[in-house]
1. Do any residues in the stretch 36-59 that are at negative phi and among the small types (Gly, Ala, Ser) have Cβ atoms under 6 Å from those of residues that are at pLDDT 95 or above and in a strand (DSSP E or B), where the two are at least six apart or on different chains, and which pairs are they?
2. Restricting attention to the stretch 10-35, report how many residues are more than 21 Å from Thr109 (Cα to Cα) and touching a strand residue (DSSP E or B) at 6+ places or on another chain (Cβ under 6 Å).
3. Can you tell me how many residues in the stretch 27-61 are surrounded by fewer than 14 Cβ atoms within 10 Å (Cβ to Cβ) and among the aromatic types (Phe, Trp, Tyr)?
Amino acid sequence: MASSGTIVIQIYTSDARLPLQDASIAVTRHGAAGTELVAFRVSNYDGMTEPIRVETPDFSESQQSGAAEQPFASVDIEAEAVGYGRIFIRNAQIFADRQTVQPLRLIPTPSLPESYTRTQIVDVTPQDL
């Protein structure tokens, strides 16, 4: 992996996409040594993170069908904020020389203690390139 791309996470709530400030976001990836932390960020007043650089396969790999390896890097994203349910994204895709914007909608939780541990899990399936 000689190239890199970036990912920016956008945290919001409701269908009106109201930004959530101070959400905690962890970006991890799976490697030979297990799961490694790529970055930890906190969303700003616009609900956005600073760009996170991720190593990716070369851009040319994404231009050919039937490549031996997937033409993008995959990361997992976990986000949470006080008063909102947690969300976990598996296999978010980052391409070389591109910026990925990953929107995440956090759902408010009722004040009941049993709702504090709710986690929404989303699996992103690989693109058929």
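The values are calculated or read from the model by the stated rules, or taken from the named source; none is laboratory data. Because the structure is a prediction, the values reported are computed rather than measured. In this analysis, Cβ positions are derived from the backbone assuming ideal geometry, glycine residues included, and neighbour counts consider all displayed protein chains.
1. Listed pairs, sorted by first residue: Ala39/Val27; Ala39/Ile52; Ser43/Ile11.
2. Final tally of qualifying residues: 4.
3. The number of residues fulfilling the criteria is 2.
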